[in-house]
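Values quoted throughout were computed directly from the atomic coordinates according to the rules given, and no laboratory measurement underlies them. Small disclaimer: the values here were computed from a predicted structure and weren't measured. Glycine also receives a Cβ, built like all others from the backbone with ideal geometry; neighbour counts cover every protein chain displayed.
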Amino acid sequence: MSSFHQRPLGQSGLTLSAIGWGTVKLGRNQGVKYPSRFELPSDADAARLLDTAHECGINLLDTAPAYGISEERLGKLLGSSAHDWVISSKTGEEYIDGVSHFDFSAEHTRRSVERSLKRLNRDWLDIVLVHSDGNDVDVIENTGAFETLAKLKQEGYIRAFGMSTKTVAGGILAARESDCVMVTYNPGHTEEQPVIDECLRLNKGVLLKKALASGHLNSDDADPVQTSLDFAYAHKGVTSAIIGTINPQHLRDNIAKAKRSLA
Ligand SMILES: NC(=O)c1ccc[n+]([C@@H]2O[C@H](COP(=O)([O-])OP(=O)(O)OC[C@H]3O[C@@H](n4cnc5c(N)ncnc54)[C@H](OP(=O)(O)O)[C@@H]3O)[C@@H](O)[C@H]2O)c1
C-alpha cells in the first residue's frame with residue numbers, strides 16, 4: 001500500500017485519507033445528476049476499485065441508505081476487512097422506488113444506524129451524517145436526530161457524527177453542535193466557504209462533496225480535475241474530499257493529482 005496524506009477529522013480521534021471514495025455510483029443510477037447515464041459496476045469491477053483505493057492509501061469510504069444498494073454492496077464486498085476502513089454513512093434520507101423520503105425522528109435515526117451496521121458488517125460506524133433535506137437548522141434544532149446520534153456515540157455504536165448540509169446557517173450550526181460537516185465546495189460553488197472557515201476555527205472536521213462538481217467540469221480548463229483539487233486543498237479547514245468515481249483510471253488520476261496539490 002502506498003502512503004497518502006492522512007489528516008485528523010477535527011477532534012474525533014479519526015484519521016482520514018485526504019481523498020475518500022464516494023459510492024453513490026456503486027449503488028444507484030436513477031435520479032442522479034451526473035453528466036451521463038451509467039451502469040452500476042459489476043461485483044468484480046467494484047472489488048477492483050476497492051483494491052485500487054486501498055493500494056493507493058485511501059482509507060475512507062462514504063455511503064448512505066439513500067445511495068440505492070451501496071451499503072449492502074459495500075458490506076458484501078468488504079467482508080471481514082470492513083473494519084480496515086473508515087466508513088461514513090448517513091441517516092435521514094431514504095430512496096425507495098425512485099422517490100426520496102426524509103425522516104429525522106429519534107426512532108428512525110436509531111433504526112437507520114442499526115440497519116447500516118448490519119448492512120456494512122460492522123460493530124460500529126466511524127462517521128454518521130444527517131442527510132439534509134435542505135432545512136438544516138430546523139432538522140438540527142427540532143427533530144431529535146442530533147440528540148440520538150450523540151447518544152449512539154456515547155453507547156459506542158458510532159465514533160463521530162455530523163451533517164451533510166445545504167445552507168451556510170445550517171453548516172455553521174452543525175459545526176458547533178457536532179464533530180464534522182460535509183459541504184459542497186468547488187471552484188464554481190464557493191457559497192459554503194464560511195462553514196469551512198468556522199470548522200477550521202473550531203477544529204471540526206470537513207468532508208467535501210461534489211469537489212469535482214459531480215463531473216460537470218469546466219471544459220475551458222486544460223486540467224479541471226487538478227484545478228478543482230488545488231482549490232479544495234488550498235483551504236486549510238478541509239479534511240478530506242470525497243470523490244465519486246467508478247473509473248479506475250480516474251481514481252488513480254485523482255490520487256496523483258491530489259498528491260500534487262498537497263505536495
Ligand atoms: N450527502 C450528500 O447530500 C451528498 C450529495 C452528493 C454527494 N455526496 C457524496 O460525495 C461523493 C462525491 O459527490 P459526487 O459523486 O456527486 O461528485 P464528484 O465527486 O464531484 O464527481 C463525481 C463525478 O465526476 C466524475 N469523475 C471523477 N473523477 C474524474 C476524473 N479524474 N476525470 C473526469 N471525471 C471524473 C465521475 O465519473 P466517473 O465515474 O466516470 O469517474 C462522476 O460522474 C458522492 O459519491 C457521495 O459519497 C453526498
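Summary of computed values
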quantity	calculated
Efficiency of FRET from Cβ geometry, residue 135 and residue 203, R₀ 22 Å, rounded to 0.05	0.25
For residue 238, residues with placed amide H under 5 Å, excluding near neighbours	none
Neighbourhood charge, 15 Å Cβ-Cβ cut-off, centred on residue 123 and excluding it, Lys, Arg +1 and Asp, Glu -1	+2
Relative contact order, percent, region 11-143 [alpha-carbon distance under 8 Å, six or more residues apart]	24 percent
Packing-based ranking, highest mean first, of 218-226, 114-122 given that Cβ atoms within 10 Å are counted	114-122, 218-226
Residue 80/residue 220 FRET efficiency (R0 51 Å; Cβ-Cβ; nearest 0.05)	0.60
Residue-by-residue Karplus 3J(HN,Hα) for region 134-151, coefficients 6.51, -1.76, 1.60, Hz, glycine and proline x	x, 8, 3, 5, 4, 4, 5, 8, 10, 10, x, 5, 5, 4, 5, 5, 4, 5
Karplus 3J(HN,Hα) series, Hz, for region 97-103 with 6.51 cos²θ - 1.76 cosθ + 1.60 (x for Gly, Pro)	6, x, 10, 8, 10, 10, 8
Built amide H within the under 5 Å cut-off of residue 158, gap 5+	125, 153
Neighbourhood net charge (9 Å Cβ-Cβ; Lys/Arg +1, Asp/Glu -1) for residue 179	+3
Amide hydrogen neighbours beyond the local backbone of residue 182, cut-off 5 Å, H modeled	163, 164, 165, 207
Percentage relative contact order, the chain, counting C-alpha pairs under 8 Å, at least six apart	21 percent
Virtual spin-label span in nm between residue 213 and residue 230, 7 Å along Cα→Cβ	1.6 nm
5 Å-binned pair-distance histogram of the chain (Cα, whole percent)	1, 6, 14, 19, 21, 19, 13, 6, 1, 0, 0
Distance (nanometres) between label positions extended 7 Å along Cα→Cβ at residue 253 and residue 33	2.3 nm
Taking 257, 209, 166 and counting other C-beta atoms within 10 Å, the order from fewest to most	166, 257, 209
Whole-Hz ³J(HN,Hα) from phi, Karplus 6.51 cos²θ - 1.76 cosθ + 1.60, for region 15-23, glycine and proline x	10, 10, 5, 5, 10, x, 9, x, 10
